[in-house]
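First comes the structure, then the notes that go with it.
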Amino acid sequence: MNTAEDKLKERVKELTCLYEVTSIIVNSDYDQLEASLEAIAYCLKRAWQFENVTEVFLKTGEYQVQTEDYKEDMVTLVSKIKVFNKIEGEVFVGYPSNKYTIDDFLIEEQALLNNVALAIGNLIERKQIRDKEAITRRKMERTDRLHILGEITAGIAHELNTPLANILGFAELLTDKITDKETVRDLEKIMDSAIFSREIVKKLMFFACEMPQEMKMVKLNPIITSVIKLLEPSLRPKSLKLTTSFDNDDIELRADNVQLTQVMFNLIMNAIYYSPHDSTITIHVLQTASHVSIEITDEGKGIPTQLEDKVFEPFFTSKPIGEGSGLGLSVVHGIITSHKGKIEHKPNTPKGTIFTIDFPIL
């Protein structure tokens, strides 16, 4: 590359590449980021001195793109991709090693590659910021929705309590007065239905945090152990294995013993229900200076993306009709919230779900 005209051509190619890369980034669809990175790779290919034999390989995070004839044994220039000042990938531009050496690259080409790597890093930073904002917004929307549902639920529960008590009370009175066995059986069915409905109301009040709590220091490990022992018969039909891991033997929380037992019962029972045969459920309890975390992991099908924000809403269930009221996880959420804790879920690897409860040590 000796003549001024050749140098000018290369300079034009470099500027064109930077312009095209900037345009790709400005118009990038964050949900189709791989397509944008592929377009950037082909922009780089056209910007190099020997563009007919130039190939590009780009990898960052979960993304990996390359031009058609890229080979690992090529002689390459490389530049690191930094995201929030942390190296998160690399971009390579190469020539066939049987015809070219590192000396065939121009100094300006390394500078161009560095600028493009910087632009890619900025693009990924913006995507991560947008994704975090979207997650935060969904959490706020879910919190607002659950708060409104809690207020509505509390009102419904209070309104239902009195008529249910009347139904149950008068049915009991009639049972004492009537001697006809068939009528007594009908009254018993009425009473059973009223008791069932009262339990639903009680769960609604748990969700709305309307039930009185008896807060005291309780030992967590024995609660979990007793719940597991109670649920052992439910493990056998599917040949499930349940393993536990406690950070130490003396973990204590300020909590309502009954409500904490209900939380563990509902979550472990849920894991059993969704676990396939011969799989493992894992319970891990971790304690730090300020928090106690409980992880319950199963190997089931996992929670579909479109349902992730609904699992803690009352009356939502993915179980068949008759197998669930849709109040289990909403009650769990209400109890944990009333204890100033939080509950989250995420996918297990390679399959299943991990529920994580985080309680502050007050």
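See the values below:
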| item | result |
| --- | --- |
| Positions within segment 48-70 being assigned to a loop (DSSP other than H, G, I, E, B), under 18 Å from residue 117 (Cβ atoms) and without any contact (Cβ under 8 Å) to a residue 60 or more places away in the chain, in sequence order | 54, 62, 67, 70 |
| Qualifying positions in segment 290-325 - surrounded by fewer than 16 Cβ atoms within 10 Å (Cβ to Cβ), modelled with pLDDT of 85 or more and more than 19 Å from residue 340 (Cα to Cα) | 301, 304 |
| Selection status of residue 283, farther than 13 Å from residue 359 by Cα, surrounded by fewer than 20 Cβ atoms within 10 Å (Cβ to Cβ), in contact (Cβ under 8 Å) with a residue 24 or more places away in the chain and under 23 Å from the mean Cα position of the chain (by Cα) | no |
| Answer residue from segment 234-276, given it is of a type in the set (Lys, Arg) and over 17 Å from residue 351 (Cβ atoms) and is least open to solvent (accessible area, probe 1.4 Å) among those | 254 |
| Residue 73, sole failed condition from (1) over 27 Å from residue 6 (Cβ atoms); (2) touching a Ser or Thr at 6+ places or on another chain (Cβ under 8 Å); (3) not in a loop (DSSP other than H, G, I, E, B) | (3) |
| Unique residue being aliphatic (A, V, I, L, M), surrounded by 19 or more Cβ atoms within 10 Å (Cβ to Cβ), touching a helix residue (DSSP H, G or I) at 6+ places or on another chain (Cβ under 9 Å) and modelled with pLDDT of 90 or more when the list is 224, 228 | 224 |
| Residue in segment 84-103 that is within 36 Å of the chain's Cα centre (by Cα), open to solvent by 60 Å² or more (accessible area, probe 1.4 Å) and within 26 Å of residue 15 (Cβ to Cβ) present | no |
| Single match in 35, 4 (criterion: surrounded by fewer than 17 Cβ atoms within 10 Å (Cβ to Cβ) and at pLDDT 90 or above) | 35 |
| Counted residues, segment 104-156 - those being open to solvent by 80 Å² or more (accessible area, probe 1.4 Å), under 18 Å from the mean Cα position of the chain (by Cα) and at pLDDT 70 or above | 7 |
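The values are calculated or read from the model by the stated rules, or taken from the named source; none is laboratory data. As the structure is a computational prediction, the values presented were derived from the model and not from experiment. Glycine also receives a Cβ, built like all others from the backbone with ideal geometry; neighbour counts cover every protein chain displayed. Ligands, DNA and RNA are excluded from the accessible area calculation, which covers all protein heavy atoms including side chains. Shrake-Rupley method; radii C 1.70, N 1.55, O 1.52, S 1.80 Å.
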